[in-house]
Structures are given as C-alpha cells and as structure tokens.
1. With respect to A79, determine if the residue is within 19 Å of the chain's Cα centre (by Cα), within 13 Å of ligand 1 (Cβ to nearest atom) and of a type outside the set (D, E, K, R).
2. Could you list, in sequence order, the residues of region 124-150 that are more than 15 Å from E90 (Cβ to Cβ) and without any contact (Cβ under 8 Å) to a residue 12 or more places away in the chain?
3. So K98 ticks every box in (1) in contact with a strand residue (DSSP E or B) (Cβ under 7 Å, 6 or more places away or on another chain); (2) within 25 Å of E55 (Cβ to Cβ) but one. Which box is left unticked?
4. What are the residues in region 14-72 that are touching a helix residue (DSSP H, G or I) at 6+ places or on another chain (Cβ under 8 Å), surrounded by fewer than 19 Cβ atoms within 10 Å (Cβ to Cβ) and either on the phi > 0 side of the Ramachandran plot or part of a loop (DSSP other than H, G, I, E, B) (or both), if any?
5. Under 8 Å by Cβ, and 6 or more places apart or on different chains, what pairs join a residue from region 94-123 that is of a type in the set (D, E) with one that is buried (at least 19 other Cβ atoms within 10 Å of the Cβ) and not in a helix (DSSP H, G or I)?
6. Just need a number here: residues in region 73-121 that are aromatic (F, W, Y) and farther than 29 Å from F176 by Cβ.
Amino acid sequence: MAAKEKKLDPSRLPRHVAIILDGNGRWARRRMLPRVVGHREGVNRVREIVRAAGEIGIGYLTLYTFSAENWDRPQEEVAHLMQMLERLLEDELEELDKNNVRFEVIGRITQLPSKVQEGIKRMQEHLSSNSGLVLVLALNYGGRQEIVDMATRIAEEAKIGRINPADINEDTLRIFQYRPDLPYPDLLIRTGAEKRISNFLLWQAAYSELYFTDLMWPDFKRREFVKALEDFAQRERRFGKVRE
Ligand code: IPE
Ligand code: IPE
Ligand code: MG
C-alpha cells in the first residue's frame, strides 16, 4: 500500500464501486499508438485498481469491460479484446487467488467465445471459496438487455403460474437480475471525459453517486481511485428523503 495515503474512514466507504473504464483508445491515439496499446495499458490499471480496492476494503467492484454494443467495433478490435480477455482470465488467476478475491460476471455470457466462457468458469470455480473483494466483470453486458432478459424470465414464470402478475414488485425484478446477490452500486465512476451511462447498470444505478473524471482509463491510477473514494465520503445520500 502507498505509504503516504491518507486513511479513509471505513464507515464512509462505498460497499460497491462500479466503473465504466473508458478512454483506452484516446489514450493511445494521443500518443500516436494503435488503440490496442491503450487496451493493454488499460489492463495494467485493472490489475492496480482491483488490488487497491481489495486492500482498501471495498466489498464489490464491478468493471464495465465489454458492452453489448461494443460488438459493433471493427472486427480486429473485437477479436483483440476477446483475446486479451481470454489471456487475462488465465494470467490473473493466481494473483487474484492470493489476494482472496472472488469472481462474478454479468452479461449475456453464453454469447461470448467459448474460450472466454471456459476461462470464466475456471476462474469462478477456482476463486469460489475466497472471502475478500468480489470482482464482477460486465461482459457482453447491457442494462437494457438485462431488463429484457428479466422481463422474459418473469413472463415465462407467469405463464406457468409460478408468478402472479399482480404480485410483481421491485423485489421480484431483483430476483431475475443476472446476479441478484450483488448489492446495488453506491459509487459509479466513469473515466474518459464522457458524461453518460452508456447502457451500464440502468436499474441498479438508480441511486448511485456518480463520479466523472477527464482522465483516460490508463491514467486512472490508485491515487485517483482514492480521490474518488474521498469524494464519495463527502456526499450526502438522501434517497428522496429530507436530511435528518
Ligand atoms: C474503453 O476504452 C474500453 C472498452 C470499451 C473495451 P475505449 O476503447 O472505449 O476508448 P475510447 O473511448 O475510444 O478512447
Ligand atoms: C462504455 O464505453 C463501455 C465500456 C467501458 C465497456 P464506450 O466507449 O463503449 O461508450 P460510448 O460509445 O462512448 O458511449
Ligand atoms: Mg469509449
């Protein structure tokens, strides 16, 4: 852990941090490098931020790694990202295990290349008995798609009489999310200077605190992450109520 880092008040830490890690391509372009170099440097930040989150005592870290819309990028970029993902799932296994990390995924996983699916399964099984940070990768994820998938499954259950439409409430919907056991994100960070949600956790982020930074993801180092946590610690969350 960085020696000079100020101690964060554990009672003011978010339990779940979700990050839209954006800006790899622009980071590379500014250096006259191909976009894939930006993605590669982005992986180094993923490693750094996952470690930091665990050390700081964050419970859940969700990373928007590949959106349902990212398939529409040039084919070589998509292929490259899938290859990197496959490699990452293999190479990081030991380090994550050493750091007591558990592993989850959200998204339409069955549409991912089979090698990636195998890597996910291996990582989940291998890390299943750990008890530290829960790392969640959003892969082929879209918030609208998740809501569509929820609606489909609820309709199926209603059709066979296991759900009464009159009884459907927010808790019912919650059960049909990709990972119903995950708490909703308290803090949602987006790097890369854009101020939008880009189809991330639409339902779950209803009351998340938002943090935007102009830094490109490859420049988002541990101290920047800590800055976001310090900013969060100052926020007053009201959830529609009036302050005490
Ligand atoms: C984020 O960086 C990584 C992924 C979406 C996979 P981008 O690739 O979107 O980088 P920019 O936004 O083009 O700079
Ligand atoms: C959001 O970034 C998706 C991920 C970080 C995986 P994008 O780069 O795809 O988002 P837009 O296109 O700028 O909205
Ligand atoms: Mg982008």
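Every number here is computed from the coordinates shown, using simple stated rules; none is lab data. Everything quoted here is computed from the prediction, not taken from an experiment. Every residue, glycine among them, receives a Cβ derived from its backbone with ideal geometry; neighbour counts consider all protein chains shown.
1. Judged against the criteria, A79 is not a match.
2. Result: S129, V148.
3. Failed condition: (1).
4. R31, P34, G57
5. E104/V134; E104/L135; E104/V136; E104/L137; E104/L182
6. Final tally of qualifying residues: 0.
Results for (1) more than 13 Å from the chain's Cα centre (by Cα); (2) closer than 21 Å to G59 by Cβ, shown as yes or no for each residue.
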| site | (1), (2) |
| --- | --- |
| I175 | yes, yes |
| A193 | yes, no |
| I197 | no, no |
| F212 | yes, no |
| K227 | yes, yes |
| E230 | yes, yes |
| A233 | yes, yes |
